[in-house]
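Read the structure below first, then the notes.
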Amino acid sequence: MDGLINALYSIPVAGVLFQLAGYLVNVVPDISPLILQAATPIALAALCGVMCERAGVVNIGIEGIMITAAFVGWYSGVLLVPVLGTTAIGPFGMSLALVVALGVALASGVVISALHAWLSISVRADQIISGTIINIAAFGLTGYLNNLIAKTSPNGAGAFTQFRPPREVTDIPVIGWILNMFLNQGPIAMSVIVLVVIFQILLFRSRWGLRSRAVGEHPRAAETVGIDVIRVRYRNVLIGGVFAALGGAYLSMEATNSFQQGMTTGRGFIGLAAMIVGRWSPVGAFGAALLFSSSTALGNSIKFSPPSGDLGTILTSLPDQVYDALPYLVTIVILAGVVGRSIPPAADGQAYEREAAT
Amino acid sequence: MTTPDAPVRAPALEMRGITKRYPGVTANDHIDLDVRPGEIHALLGENGAGKTTLMNILYGLARPDEGAILLDGQEVNISGPSDAIARGINMVHQHFMLVPVFSIAENILLGEETMAGPIFLDRREARRGIVELGRRFGFEIDPDLRVGSLSVGWQQRVEILKALYRDAKILVLDEPTAVLTPQETEEIFAVLRRLAAEGHSIVFISHKLYEVLEIADRITVIRRGKVVGQRLPAETDEDDLAELMVGRGVQLTVDRGESHPADVAVRLEGLEVKDDRGSIAVRGVDLEVRSGEILGIAGVAGNGQDELVEAIVGLRHAAGGRIGLQGADITHASPRRINEAGVAYVPADRHRFGLVLSFPVADNLVLTDYYRRPYARGFIRNDEAIEATAEERIREYDVRTPSADVRAGTLSGGNQQKLVVARELSRDLKLLVLDQPTRGLDVGSIEFIHRQAIAKRDAGTAILLVSAELDEILELSDRIAVMYRGRIVAVRDGRTADKNEIGLLMATGGEARSPAAAIGPAV
Ligand SMILES: Nc1ncnc2c1ncn2[C@@H]1O[C@H](COP(=O)(O)OP(=O)(O)OP(=O)(O)O)[C@@H](O)[C@H]1O
Ligand SMILES: [Mg+2]
């Protein structure tokens with residue numbers, strides 16, 4: 001067997017490709033939980049985008065919602081620990097303080113979304129400007145408050161811990177690593193897959209989904225059959241806020257246990273790109289987020305533990321920046337080559353004016 | 001059916017003193033309207049008279065400034081479309097209210113979904129219900145087809161089914177027949193008669209007077225927002241109605257006079273054009289139009305006329321063949337070059353091609369030459385010149401608008417059409433391409449536009465006319481070409497053409513085929 005593999009590896013050109021395949025087979029199972037972890041905040045941001053834009057509201061304030069929720073979640077933990085203590089009350093290292101803090105973080109996301117909803121739906125302000133204002137204000141405020149608070153080096157409520165699937169499960173041949181990817185996770189990362197599936201089914205098979213899509217495609221037609229366009233839009237933007245806030249909370253309450261200034265580092269925007277690559281469907285957006293995070297993880301893996309042999313020589317001769325750019329390059333190639341033209345909902349970003357109100 | 005001497009039952013719907021003012025216009029000025037149970041009540045009026053506004057008020061899409069609405073004698077306050085639907089009012093709107101990316105089933109069910117449990121749609125049951133609904137009213141439909149891929153005639157049927165599905169007591173149809181062929185209209189009329197016989201009340205809006213005379217039990221005419229008269233079909237005729245609508249005598253058929261065709265202005269040789277889905281829609285058409293003649297293209301909608309016309313004006317690539325304009329090859333020229341070469345185009349879909357609805361009326365009137373003197377000096381617009389020209393064209397074409405500065409989208413459907421016609425006809429032209437030029441226009445405006453077209457012809461312009469209205473083709477054309485499945489199957493002299501023969505050619509292409517094949521949904 002090894003002899004055969006070595007023989008294949010030594011064929012020129014094709015051999016390098018075989019080596020690449022061999023490297024992937026070795027590396028991917030090891031880093032698979034990391035891939036889902038990196039994809040989690042991006043996917044949640046993308047779900048927020050799908051939720052809003054399917055109903056016709058463009059939300060580029062996702063980044064701002066995420067950073068706010070990351071901050072509020074962490075700081076509520078700081079405030080709650082003295083009151084509620086840190087005794088674990090359930091799996092995943094859940095303490096009462098941690099769970100309540102998560103709830104507060106989600107609520108903060110809903111509040112910021114309500115601001116965006118009010119500005120873009122009721123005031124009919126430019127939706128891009130409303131989102132931009134939210135981003136600037138959220139970054140400024142969380143940065144400033146963090147500076148004030150961090151001086152006292154407070155104790156937070158910690159973070160959700162990962163579930164460790166038993167070895168018998170992760171060692172199952174062929175699918176073991178996939179199970180490991182979804183099970184070797186904290187509660188937020190684990191919930192993403194569930195949210196994606198539920199959202200996908202509801203969007204295309206439920207009454208709520210049908211009406212949301214109608215409002216995003218042709219709001220006047222929706223109104224003429226008695227649908228309250230304004231209400232549908234508000235509802236979706238608020239639910240979207242929960243998704244984005246969950247993504248933000250993931251960063252400060254599951255991936256790490258503290259808040260860092262600007263810790264979202266553009267994930268909200270990358271989520272919007274994932275939404276487009278995924279053609280405004282939850283499953284597609286999740287796939288795009290996974291693609292993005294796996295190329296990031298692969299890039300890192302090549303940087304830090306490159307393969308041996310010809311392939312290794314070739315790969316290590318490339319500058320590091322190539323691997324930093326890898327996820328973006330992959331996204332461009334996929335968008336241009338595979339997805340083709342991705343068509344947004346027809347009324348995406350257009351304020352709706354109800355005539356009877358005038 | 002209600003006759004004048006039958007005991008009068010309480011009206012199912014009564015609108016009293018409805019007044020609606022928009023900035024600069026009073027769209028409805030104390031309008032009274034009553035509709036009895038089982039009655040088909042036609043609403044007639046020139047473009048901008050206020051018909052759509054009145055019906056939008058009934059449907060809760062607009063709020064009246066004054067007046068009351070009574071249903072079965074009870075005064076009601078209709079807060080919005082959902083309230084109207086709950087009270088048994090339904091409406092087929094003048095412009096389609098369909099979601100193009102949804103299937104027929106999804107469009108019909110939207111807002112009134114067939115459910116399996118509290119959350120999920122029951123798609124199988126829905127499909128079954130819609131097929132059955134279609135059968136009940138004589139349409140064979142495939143509920144899974146995407147509405148965006150249907151011909152306008154089928155989209156109109158979907159709109160009507162959507163209203164029928166809701167089983168309304170009062171059904172409003174705002175120009176449902178504007179895009180239908182006579183056969184399609186007959187199908188719809190059969191449905192309306194049945195509904196009326198079952199006791200539904202129907203408000204029917206149309207600019208086609210013969211249709212109104214055929215279907216209506218009573219006719220109310222409004223002009224400039226006021227009711228100017230009521231008639232029974234038995235006591236009136238087209239001329240009387242036209243005069244009542246417009247306030248003056250209208251010549252319903254314009255005398256086209258002698259034509260004096262000169263040299264060939266445009267010549268198509270073996271022209272092939274593909275449709276949006278990439279299949280061949282125009283199959284090797286050879287055609288000539290001479291300066292000073294009107295060539296009419298008759299055909300059931302969807303037989304390649306739109307693609308043919310769009311290729312000529314440069315909006316669509318010719319897949320093969322050649323288009324020559326007075327000897328010059330314009331086959332692959334840009335729309336602007338074709339326009340500058342003296343070709344004008346009145347498109348069938350004014351919202352998609354003819355107008356920028358969010359721009360002021362004045363800008364829309366100079367859309368073809370805003371970049372040239374006197375409308376521009378270098379990079380700078382000359383607002384005075386634009387304004388002056390706009391005022392002049394508005395006056396000349398009798399566009400009903402409060403001013404040249406309002407958004408084109410606020411004008412009534414017919415007045416939007418007049419904007420396009422006014423812009424395209426007020427130039428020196430070699431070729432004028434008219435695609436459904438009078439869609440949605442009132443009789444007075446049709447007369448005016450027909451006269452303008454004939455004047456253009458007599459001034460030496462070649463005119464290519466496409467219309468679903470066979471009468472319009474017969475009335476204006478010096479020669480008639482019949483288009484069927486992408487081919488010109490016959491050319492006849494306009495004066496001697498026989499209406500029945502042309503109709504048959506349109507339906508069968510001259511072969512013994514079932515006519516249904518040509519009007520079925522495009523897939
Ligand atoms: N939303 C609006 N804002 C401003 N003016 C409006 C608006 N809607 C209608 N109008 C004006 O009200 C008048 C009546 O328009 P309406 O659409 O009711 O006419 P209509 O009788 O339906 O004409 P058509 O036969 O051309 O459809 C027009 O002068 C139009 O410009
Ligand atoms: Mg109208």
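The values are calculated or read from the model by the stated rules, or taken from the named source; none is laboratory data. Computed from a predicted structure; not experimentally measured. Every residue, glycine as well, gets a Cβ built from its backbone with ideal geometry; the counts of neighbours run over all protein chains shown. Accessible surface is based on the protein model in full, side chains and every heavy atom, while ligands, DNA and RNA are left aside. Shrake-Rupley method; radii C 1.70, N 1.55, O 1.52, S 1.80 Å.
Of the helices (runs of 4 or more DSSP H) contained entirely in segment A:173-225, those carrying at least 1 residues that are without any contact (Cβ under 8 Å) to a residue 12 or more places away in the chain and at the interface with chain B (Cβ under 9 Å from one of its Cβ atoms) fall at A:187-205, A:207-217, A:219-224. If the condition is being polar (S, T, N, Q) and away from ligand 1 (no atom under 13 Å from the Cβ), then segment B:194-226 contributes only B:201. Taking the condition of being open to solvent by less than 20 Å² (accessible area, probe 1.4 Å) and at pLDDT below 90, how many residues in segment A:68-94 meet it? Here the count works out to 0. Given the condition modelled with pLDDT of 90 or more, within 19 Å of residue B:81 (Cβ to Cβ) and open to solvent by 30 Å² or more (accessible area, probe 1.4 Å), answer yes or no: does some residue in segment B:100-110 qualify? There is at least one residue in segment B:100-110 that is modelled with pLDDT of 90 or more, within 19 Å of residue B:81 (Cβ to Cβ) and open to solvent by 30 Å² or more (accessible area, probe 1.4 Å).
Are any of the residues in segment A:247-269 basic (Lys, Arg) and within 30 Å of residue A:158 (Cα to Cα)? Yes, because at least one residue in segment A:247-269 is basic (Lys, Arg) and within 30 Å of residue A:158 (Cα to Cα).
With the structure loaded, tell me whether residue A:174 is open to solvent by less than 50 Å² (accessible area, probe 1.4 Å) and aliphatic (A, V, I, L, M) or whether it fails that test. Criteria not met by residue A:174. Within segment B:77-100, the residues that satisfy the criterion of being outside any loop (DSSP other than H, G, I, E, B) and touching a residue at least 40 places away in the same chain (Cβ under 8 Å) are B:85, B:89, B:90, B:91, B:92.
Filtered by the rule that a residue be outside any loop (DSSP other than H, G, I, E, B) and either at positive phi or touching a residue at least 24 places away in the same chain (Cβ under 8 Å) (or both), segment B:101-117 gives B:103, B:104, B:105, B:107, B:108, B:109.
Taken over segment A:92-141, the residue count meeting the criterion of being under 29 Å from residue A:158 (Cβ atoms) and either touching a Pro at 6+ places or on another chain (Cβ under 9 Å) or part of a helix (DSSP H, G or I) (or both) is 27. Can you tell me which residue is farthest from ligand 1 (Cβ to nearest atom) among those in segment B:442-465 that are farther than 24 Å from residue B:303 by Cα and not in a helix (DSSP H, G or I)? Across segment B:442-465, the extreme among qualifying residues is B:460.
Every residue, every condition in (1) away from chain A (no Cβ under 14 Å); (2) more than 16 Å from ligand 2 (Cβ to nearest atom); (3) closer than 21 Å to residue B:254 by Cα, yes or no:
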| position | (1), (2), (3) |
| --- | --- |
| B:392 | yes, yes, no |
| B:413 | yes, no, no |
| B:423 | yes, yes, no |
| B:440 | yes, no, yes |
| B:444 | yes, no, yes |
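Residues that are under 22 Å from residue B:436 (Cβ atoms) and either touching a residue at least 60 places away in the same chain (Cβ under 8 Å) or within 16 Å of ligand 2 (Cβ to nearest atom) (or both) number at least 3 in none of the strands (runs of 3 or more DSSP E) confined to segment B:153-249.
If you take the residues in segment B:425-438 that are closer than 22 Å to residue B:254 by Cβ and among the charged types (D, E, K, R), which one is modelled with the lowest pLDDT? Top of the filtered list is B:427.
No other residue among B:355, B:365 is more than 15 Å from ligand 1 (Cβ to nearest atom) and under 24 Å from residue B:451 (Cβ atoms) apart from B:365. Restricted to strands (runs of 3 or more DSSP E) entirely inside segment B:16-76, those with at least 3 residues that are away from ligand 2 (no atom under 16 Å from the Cβ) are B:25-35, B:66-71, B:74-76. Does residue B:54 satisfy being out of contact with any helix residue (DSSP H, G or I) (no Cβ under 6 Å at 6 or more places or on another chain) and open to solvent by less than 30 Å² (accessible area, probe 1.4 Å)? Yes, satisfied. Listed here are the helices (runs of 4 or more DSSP H) enclosed by segment A:248-358 that have at least 1 residues being away from chain B (no Cβ under 14 Å) and at positive phi: A:309-317.
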